[in-house]
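Student: Dropping a structure here in structure tokens format, bear with me for questions.
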Amino acid sequence: MTTFYVDVVIVGAGPAGATCGISYLHHGGDRVLVIDSSDLQQVRVGEHVSPSLLDILGYLHMDTDALKQECFHPNYGKTSYWGSHLASLHDSLFTTVGTTFNVDRDAFDLALLKTLIDRGGNVLPRCSKLSVNQTENNGWHLIAHHASQGKIHVMANYLIDATGRSAVISRQLGIERKKLDRLVAVGCFLETDQTTQPMEQVLETCEQGWWYSAALTPQQTVLTWFSDADLVSQYQWQKPNNWCRLLGQAPQLCKRLKDATAKRLWVRPANSQISINRQPEYFIAVGDAAAAFDPVSSMGLGFAVSSGCFAGKALMASQQNTNSLAFDTYRDDVQRNFIHYCHLKSEVYKREKRWPTSAFWSRRHTLKDTSTNYL
Ligand SMILES: Cc1cc2nc3c(=O)[nH]c(=O)nc-3n(C[C@H](O)[C@H](O)[C@H](O)COP(=O)(O)OP(=O)(O)OC[C@H]3O[C@@H](n4cnc5c(N)ncnc54)[C@H](O)[C@@H]3O)c2cc1C
């Protein structure tokens, strides 16, 4: 049996968890351990980001020129058929300024973890069956099963939930999440012919959802269908034949991807949600575990990195007793961000008016679904 004694334990080694660890060390922190249930080889989705992400990484003294070269590919524009069958061209539906990038997620996530390790942090993948308890002196005791070490214990002063949309730790602690919709993604990676593949993104709406395609490399494109979980289940769109038939409703994408070969379909939750009730002391959630955004916004990765950075600084302020309100300020900021996002999202969905009676669009056109009254 192994016991780790650390100042901060971060559960989840995605961009939010890794950045939180880097930020904590950057602001003078010391003993930080990141644990993850996976072997870090999982399929990662979500790649379109704004250039401001690089500013945050620069602030944390990461080599942004090297990162840009290794993992950030300039995006040559997004074509959307959203609200009309006519194309409109822009960098993003949410922002209109600056060149955006497509990130190579495998390379990016691993670059963050490598930085964390180079700066003295520890990363322990393959830890399953996690249980969490707050001790009498407000510290944290975690028990997990490690693939080769067996049962492990972690004693920590601070606990960070960076487990993504599943928010596993927050749920174990009884923290309520408000889900604003039931959006899910059913997607796959396509192999394409490099001679006919422009490096672009395409959005195309249909009666019960929307399609998104992005060229990741000249040979690989990700193609994803977004709709509500109940509709996916009703029409069985997670089945390859049904998914392919549905693509027939998106003429622009069909035309562009007619020679592509599909790999296996995957399904991911893509709903908007936020943690709302009081949270225990010495605990903070970052990234999707704190607030998760509709992928149409391309805000998820930026928020994962910025919330991780902000949380790392707040941890240090709390540890050194320099700002007793650091965690409250952080949570208020997350909530403000989310409220602003809700307004933008509502505006974007209202731009599609062609199917007023469809379940998918009418849910998004009613005030209740998109308003911030939920918070
Ligand atoms: C289909 C789709 C498309 C998207 N497109 C974009 C986009 O274009 N642009 C954008 O900015 N964002 C996009 N996003 C959102 C983006 O992917 C996420 O916001 C981002 O990955 C969040 O990072 P994170 O570190 O919070 O969580 P994650 O990246 O989900 O990482 C969570 C980590 O926690 C680990 N974990 C989970 N459970 C446990 C557990 N019980 N114990 C230990 N470890 C655990 C996981 O293995 C994982 O390593 C998209 C999301 C989806 C679903």
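Student: How big is segment 1-143 on each of its three principal axes, counting only the C-alpha atoms and giving the largest first in Å?
Tutor: Projected onto the principal axes, the Cα atoms of segment 1-143 cover 61, 31, 28 Å.
Student: Which value in Å does the Kirkwood hydrodynamic radius of segment 116-210 take, with 1/r averaged over all unlike C-alpha pairs and then inverted?
Tutor: One over the average 1/r among Cα pairs gives 18.1 Å for segment 116-210.
Student: For segment 6-64, what is the convex hull (Cα atoms) projected area averaged across all directions, in square nanometres?
Tutor: Projected area, direction-averaged: 4.8 nm².
Student: Same structure, new question: Considering only DSSP beta bridges whose two residues both sit in the chain, what percent are antiparallel, to the nearest 5?
Tutor: The answer is about 70 percent antiparallel.
Student: Hey, another quick one. Comparing S272, S80, S52, which has the greatest mean-square fluctuation in the GNM of the chain with Cα pairs linked when under 10 Å apart?
Tutor: Most flexible of the set in this elastic network: S52.
Student: So, one more: Using the heavy atoms of the protein chains alone and a 1.4 angstrom probe, what is the accessible area of segment 183-269 per residue in square angstrom?
Tutor: Heavy-atom accessible area per residue stands at 46 Å².
Student: Helix-only estimate, please: 222 nm mean residue ellipticity of the chain, summing -39500 (n - 2.57) across DSSP H runs of length 4 or more and dividing by its residues, to the nearest 500.
Tutor: Counting only the DSSP helices, I get -10000 deg cm²/dmol.
Student: Once you treat every alpha carbon in the chain as an equal point and sum by Debye, what is log10 I(q)/I(0) at q = 0.07 Å⁻¹?
Tutor: Per q value, in the given order, log10 I(q)/I(0) is -0.31.
Student: Size of segment 160-282 along its principal axes in angstrom, Cα-based, largest extent first?
Tutor: Result, largest extent first: 56, 31, 21 Å.
Student: Ignoring ligands, DNA and RNA, what percent of the accessible area of segment 232-297 is carbon or sulfur (1.4 Å)?
Tutor: The value for segment 232-297 is 49 percent carbon and sulfur by accessible area.
Student: If you don't mind, another one. State the Cα centre-to-centre distance between segment 297-343 and segment 207-226 in whole Å.
Tutor: 30
The values are calculated or read from the model by the stated rules, or taken from the named source; none is laboratory data. Here the structure is a predicted model, which is why all the values come from computation and not from measurement. Each accessible area value is taken on the protein alone, full model and side chains, heavy atoms only, with ligands, DNA and RNA left out. Shrake-Rupley method; radii C 1.70, N 1.55, O 1.52, S 1.80 Å.
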